Amino acid sequence: MERTFIAIKPDGVQRGLISEIVSRFERKGYKLVAIKLIVPSKEFAQKHYHDLKDRPFFNGLCDFLSSGPVLAMVWEGEGVIKYGRKLIGATDPQKSEPGTIRGDLAVVVGRNIIHGSDGLETAKDEIALWFEPKELVSYTSNVEKWVYGVN
Ligand code: GTP
Ligand code: MG
């Protein structure tokens, strides 16, 4: 089953939005398979955002990501990579639709509270960067047959 890497950034953690954000993924029907609170080093943040290294905001972005606790998670479900990004909303909260996480809970692009992998390869790379294989918990959820309609 498809998996994606989702992180609540330091602003989301500090603002007390963990339960609100986690509950949106839970209520949708996705399955949590890994979770930990971690303060990433700046070097680690640079690895995570390596695709953006030539952007003018890269340094500030990496300083910010490493400025406090990040809640790192892996969520599993059919189509979770793409739909997870829909739940999150557009990168710039000024453009995110109401009803999305950023649309409802954030105001500016530099403090948009959550990260989500943007594709299959990125999801694989980010999960491998943030988690050791043994930290990913495989289990059968009792609600799966109700979410997917199969036994
Ligand atoms: P992530 O899920 O965090 O990767 O966001 P995204 O995929 O929606 O956007 P992208 O990967 O292009 O950018 C990564 C992060 O850089 C964004 O979430 C923002 O926090 C930040 N960012 C992107 N564009 C800008 C910008 O123009 N200015 C500033 N200050 N930050 C930006
Ligand atoms: Mg991105």
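If each residue of separation counts as 0.36 nm, what is the full-extension length gain between Asp54 and Val39 once their alpha-carbon separation is subtracted? Working shown, then result.
On the way: separation 15, 0.36 × 15 = 5.40 nm, distance 2.38 nm.
The Asp54-Val39 span can extend by a further 3.0 nm.
Please report, to one decimal in angstroms, the Kirkwood hydrodynamic radius of the chain built from all distinct Cα-Cα pairs. Each step should come with its number before you reach the end.
Numbers: mean 1/r = 0.0634 Å⁻¹.
Result for the chain, one decimal place: 15.8 Å.
Give the lysines whose C-alpha is closer than 29 Å to that of Lys42, dropping any in the same chain fewer than 8 places away, or say none.
Lys9, Lys53, Lys82, Lys86, Lys95, Lys124, Lys134
Can you tell me the dipole magnitude for region 1-77 around its Cα centre, using point charges on the Cβ only (Lys, Arg +1; Asp, Glu -1), in Debye to the nearest 20? Each step should come with its number before you reach the end.
Values: 12 positive and 9 negative charges, 28 e Å.
The dipole magnitude comes to about 140 debye.
At a 1.4 Å probe radius, which order do Ser117, Ser19 fall into by accessible area, largest first?
Working: Ser117 0, Ser19 85 Å².
Of Ser117, Ser19, the descending order of accessible area is Ser19, Ser117.
How much accessible area per residue does the chain have, in Å², with a 1.4 Å probe? Can you show the working numbers first?
Values: 8520 Å² over 151 residues.
Heavy-atom SASA per residue in the chain reads 56 Å².
Of the accessible area of region 8-65, with the probe set at 1.4 angstrom, what percent is carbon plus sulfur?
Working: 1700 of 3270 Å².
Carbon plus sulfur share of accessible area: 52 percent.
Can you give me the % of accessible surface on region 71-151 that is carbon or sulfur? Probe 1.4 Å, all protein chains present, nothing else counted. Mind showing how you got there, number by number?
Values: 2630 of 4850 Å².
Carbon and sulfur: 54 percent of the exposed surface of region 71-151.
So for the pair Phe64, Asp104, with labels modelled 7 Å out along Cα→Cβ, what separation do we get in nm?
Between Phe64 and Asp104, the simple spin-label model gives 2.2 nm.
The values are calculated or read from the model by the stated rules, or taken from the named source; none is laboratory data. None of these values were measured; they are calculated from a predicted model. Don't worry about glycine lacking a Cβ; one is built from the backbone with ideal geometry, like all the others, and counts go over all protein chains shown. These area figures cover heavy atoms from the full protein model, side chains too; ligands, DNA and RNA do not enter into them. Shrake-Rupley method; radii C 1.70, N 1.55, O 1.52, S 1.80 Å.
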